[in-house]
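Here's the structure we're looking at; comments come further down.
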Amino acid sequence: GGKNFLTLEREHFGNRDTTESMKMFFNAVHLAMLFKKWINRFRLERQPILILYASVTGNAAAYASKLGSILRECSQVTFFDCCGTNSADDLEVMSLVKSASLCIFISSTQGNGELPSLSRKFFSTLFGKKGHVLLDKNCAVLGFGSSAYPIFCGAATELSRKIAENGGWEIVPSGLCDAVKGEDITFQTWTATLLDKLACMPDATPLVVQLSERMNDHDHVDTRRQIILESVTVQIFSSKQVKEAAANTFMSRSLSRRRSSLAYQRAVSSRRSSAASFGEEEKKDDPNDVDDRINEAIAKALQTSRRRKDVLEGLILGRVDLLGGKESEKGTGLGDDDSTNHARRKTSLVTIDLASCGNPPYQPGDHVQVCPHNTISEEKLGAFIGHLAGELSLDDQMYVTLENEEVSLAEIAVTAPILYHNIDQLVSVDSFLKTQASMEAPIPTQSCLDLASLATSAKDNALLKELGSNKAEYDKMISLYGMKWMDVFNIFPSLSGQVTLSFLLSSMKMNHPRSYSIASCKARVGSEINLVVGSFIYSRGGSKKEVGVCSNFLTNVNEGDEITFKIESNPSFHYPLDPNAPLLFICTGTGFAPIRGLLQKRSYFRSRGEKMGTAYLVFGSRSKREGLFEDEIEQFINEGTLTDAYKCYSREPGMKKQYTTDIMKNEEIEQVLAPIVSSLNGHVYICGSAHMYEMCTSVMIEMTSKFHVLKLNEEGRLHCDVFGALNPAGSVIARSRSASINEGSNLPSRRRNRVRSRKTKAYRHSTTASASDIDISLLDLKPVKLPAKKTTV
C-alpha cells in the first residue's frame, strides 16, 4: 500500500519541533478560560431579571421602563411585551423566563378587572402548557387600575393567582397602583420594598444592597433613558430627495436586470475588441449617483414592518349624526345642565366598508379597535411645524436608525414607544403628527423639565421648571390651559425654533387605539360594520374645547375617508347557541350598540323561520328628544324580534327621574323579568357603566336570589360589556362618553337622591343617549360584586 502524508513528510523533512506552537495554543486556551471565568463572575454579580409587561395605553409600559432603569444598576434587565405581535408563539421568552432569577409581571387593567386583551393569548400559553417554567421561580407583580371600577386591579390579582397555581413564588406583595389616588407613590414604595427584599436574599450582591440604600434615601437618578435616546439618529429627507432616490433605485434595478440578460451578455462580448468604446458605453449606462442614506432608508423600510398583521385599512361608507350635529353647535341642542357647563353632545352612526380590506368576519358583540387621527387643521399643523427647529415641512420624510448595539429594541420599545415604532421606517412628518403622535395629550412633567433647558426666556424657563417639579402647580396648569403638545408654542413662545423633531419622538406619547362595540350583524348589513359613537365636548370655562381624540375623529369622518382598525373577538358577549333561550337586554344610551347587533342577528334567525324564545329590552336614556334608533326598536317589537321594551328617562322635563334599576323594580315588569333570570337557560346582557352593572345585578338578586344570579354568572349566561365607572361614593369620575371608551372629560356630577318607586309606568318604545349621561342614584343596599365573565373594552 501507499505511504500516508505524515510518513512522507518525515522522510523528506524530518521530525518537526512543535513545542513552541503547542505552548502558544495552551496559553491561548488558558487566557480564554480566564476571560470566560471573569465574564461569568461579572454576570453572577448582575443577576438576570425579566420584566414582562402588558399595557393598553402605554402607561404600564412607561412604569416598566422606569423600573427597568432602576434595576439595571444592579442587574441584567430584559423586557418583553406580552401584547406584542406573535408574543404567544415566541419561544425565546420561555428560555428567558427559565434563566431569569426574578420575573416581574406588570399589567394594566382592561374592562371589568381583566388582563389586556392582546396579552391573554400569551398568558394562557405561559400559565398553561408552559407553566412548568414558573416552578419555584421568584416573581413579583405590579398592577395598574382604578378603584372607581368594581374590580380594582383585577389583572394583577389574576396574575398572582396563576403564578401560585404554577408553583411560582411572589417575593413581595403585589403592588396595586390606583389611577384615582395617584400611581407614583405606590410605585416608589413597591419598588423600594422589592429592592429591600432582593438585598436581604442570601445571594444578594453588593450592587443590590447599595441600590436599595440609595432608593431608601431617595437618591436615585435615572440616566439610562438619556443613554437610550442618544442611541438613535433621526435623519430628515425632503420629499423631492426621496422621490428622486426611489426613481434612481428603480432605474438601477432595471439596468441590472437588463445587463444580466443573455442578449446583453452577447452584445458585451461582441464589443470586447474595443475596450475604449466599451468603457464609454458602460459610463453612459450607469445611473446617476444617489444618496446612499436614502437608498438604505428605502430598502430597510420595505423590509421592516412594525404593523400587526391583523390591523386593517378600510374606508368610511358614511356617517349619520343621530344626536347633536349642526343643531347643537348652534346652541339649541343642549339640555339645561349642558348649557351651564358649556358642554354639548354628539352621537353618530359610522359605517365602515369591509370590502376594501378583505371582508373579514365578525360576530355581534365583538369590538373594533380604531386607530384615531388627530383632528387638527392643516393651518394649525403647518404653524406647529413652523415653530420646530430645522425649517421642516409636512412633506419631509424622517428616518430613524439605531446606532448603539448595546441598546436593545425591546428597551427602546418600553422607554419611547413612538420612537421604536419608527425605527428603520421612512415616515412623513405629516403622517407622524396626524396619526402617530398624541398631539392632544398633556405635556408630561419630565418633558417640562427637558423643555426648560431649551427655553430662551427666563420666564418660560422658570415656569417649566416649576411645572416639572411641583405637582400642584402642574395640575392647576392642566386645568386652566390643558397643556397640550399642540399648544406648547402658544403657551411657551420662547421654545419656538428650539424644539427638534427628535425631541418630539422621544417625549410624546403614541396615539393608542380605542375600542368600540360593533352595532351590526354581518348577516343583515353585508360587508360593513356599524359603530355608534358618542362624543362629549366641553370647555373648562374659557375658549378651549376639550374632546375625546378618537370619538371626535369618528364623529367627524366623511364618506371615503381612510380608517385603520382591528376587529377584536369578544365571545363572552356573543348570541347564545340556543335560539329558544329567553333573553333580557339591559342598556343605557350608546350602550345599545352591541344590543343592536344582537337584535339584528335575532331578526335574521326569525326571518329564516327559526323558533325564538322571549326577549325583553330595558333601556335608559336622558329624555325623549334624545332617542336613538327609536324606529328600529319599534320595528323589532312589531316583527316579533323583541317581545317588549321598557324605557325610562333621567332628565325628561315634567317627569320623575327614573333609572334602569327603578324600571326593573316595577312590580309588573319584575314579574316578567324574574323568570328569565331564574330560568335554567335564560341569558342576561348588560351594557353600560360599571356601576350600572353592579346595581342591575343587585336588583336581579332582589327579584330572585343570590343563588340564581351566581349560577347565571358561573354558567356564562350573564354577559356584561362595561365602559365607564363610578367611585364607591357615587360621584362621577372619568366616565365614558362613547360606546366603549372614555376619552372626553372628568366632569363632576351632583349626588342624586335615591328614587324608590315601585309603581313606575312601563313604556313600549325606545330612547337613548350617551351611556354616561345616566345619573345612577345611590343605593342603601350593599352592592354584590360578582366575578364578571371575559369582556373587552
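The values are calculated or read from the model by the stated rules, or taken from the named source; none is laboratory data. Since the model is a prediction, treat every value here as computed from it, not as a measurement. Glycine gets a Cβ as well: all are built from the backbone with ideal geometry, and neighbour counts include every protein chain shown. When the accessible area is computed, the model is the full protein with side chains, heavy atoms only, and any ligands, DNA or RNA have been set aside. Shrake-Rupley method; radii C 1.70, N 1.55, O 1.52, S 1.80 Å.
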In Hz, Karplus ³J(HN,Hα) per residue of the range 204-212 (6.51, -1.76, 1.60; θ = phi - 60°; x = Gly, Pro) | 5, 8, x, 5, 5, 5, 5, 5, 4
Per residue, how much accessible area does the range 580-631 show when a 1.4 Å probe rolls over the protein heavy atoms, in square angstrom?
-> 30
Could you check the simple spin-label distance between THR435 and ILE491, using points 7 Å along Cα→Cβ, in nm with one decimal?
-> 2.8
Mean Cβ-within-10 Å packing, highest first, puts peptides 397-408, 581-592 in the order 581-592, 397-408
Subtracting the Cα-Cα distance from 0.36 nm times the residue separation, let me have the gained length for THR233 to TYR481 in nm, one decimal.
-> 86.0 nm
Along the range 58-65, what does the Karplus equation 6.51 cos²θ - 1.76 cosθ + 1.60 (θ = phi - 60°) give for ³J(HN,Hα), rounded to whole Hz, x for Gly and Pro?
-> x, 5, 5, 5, 5, 6, 4, 5
Efficiency of FRET between SER469 and ALA389 - r from beta-carbon atoms, R0 30 angstrom, step 0.05 = 0.75
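Please sort by residue number the trypsin sites (Lys or Arg not before Pro) in the range 125-207 whose DSSP state is loop and whose Cβ has at most 10 other Cβ atoms within 10 Å.
Within the range 125-207, the qualifying trypsin sites (Lys or Arg not before Pro) (loop, at most 10 other Cβ atoms within 10 Å) are LYS129, LYS181.
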Over the alpha-carbon set of the range 346-478, work out the extent along each principal axis and list the three values in angstrom, largest first.
-> 57, 45, 31
Gyration tensor verdict on the range 592-688 (Cα atoms; rounded if a/c is under 1.5, prolate if a/b is larger than b/c, oblate otherwise) | oblate
What is the distance, in nm, between label points placed 7 Å from the Cα along the Cα-to-Cβ direction at ASN27 and at THR500?
-> 4.8
Can you give the net charge of the other residues whose Cβ lies under 12 Å from the Cβ of ARG606, counting K and R as +1 and D and E as -1?
-> +3
Cβ crowding within 10 Å averaged over residues, with 111-121, 560-570, 657-667 ranked highest first = 111-121, 657-667, 560-570
Non-local amide H neighbours of LEU617 (under 5 Å, H modeled in plane, Pro and chain starts lacking H): which ones?
-> PHE585, ASP644, ALA645, TYR646
Around ILE567: net Lys/Arg minus Asp/Glu count, Cβ-Cβ under 10 Å = -2
Going by average Cβ neighbours within 10 Å, how do the peptides 707-716, 646-655 rank, with the highest at the top?
-> 646-655, 707-716
Computed ³J(HN,Hα) along the range 429-438: with the Karplus parameters 6.51/-1.76/1.60, θ = phi - 60°, integer Hz and x for glycine or proline, the list is 4, 4, 5, 4, 7, 8, 10, 8, 6, 7
Cα convex hull of the range 338-409: mean projected area in nm², to one decimal?
-> 11.7
When the chain is fully extended, how far beyond the present Cα-Cα distance does SER99 get from GLU559, taking 0.36 nm per residue of separation?
-> 160.3 nm
Given charges at beta-carbon only (K, R positive; D, E negative), |dipole| of the range 404-455 in Debye | 220
Part-to-part distance (alpha-carbon centres) for the range 157-180 and the range 437-470, which is given in Å | 36
Pseudo-spin-label distance TRP169 to VAL525, built 7 Å along Cα→Cβ, given in nm, is 5.4
Would you kindly state how much longer the chain becomes between PHE605 and THR456 on full extension, computed as 0.36 nm times their sequence separation minus their alpha carbon distance, in nm to one decimal?
-> 46.8 nm
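More than 25 Å apart: what percent of Cα pairs in the range 449-563 qualify? Intermediate results must be reported in sequence, preceding the final value.
Values: 2895 of 6555 pairs.
Summing the P(r) tail past 25 Å for the range 449-563 gives 44 percent.
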Would you pull out the residues with amide H under 5 Å of VAL77's amide H, same chain only if 5 or more places away, H placed 1.01 Å from N?
-> ILE49
Rounded to the nearest 0.05, what FRET efficiency do MET655 and GLU634 give with R0 = 22 Å and r taken as the Cβ-Cβ distance? Could you check?
-> 0.60
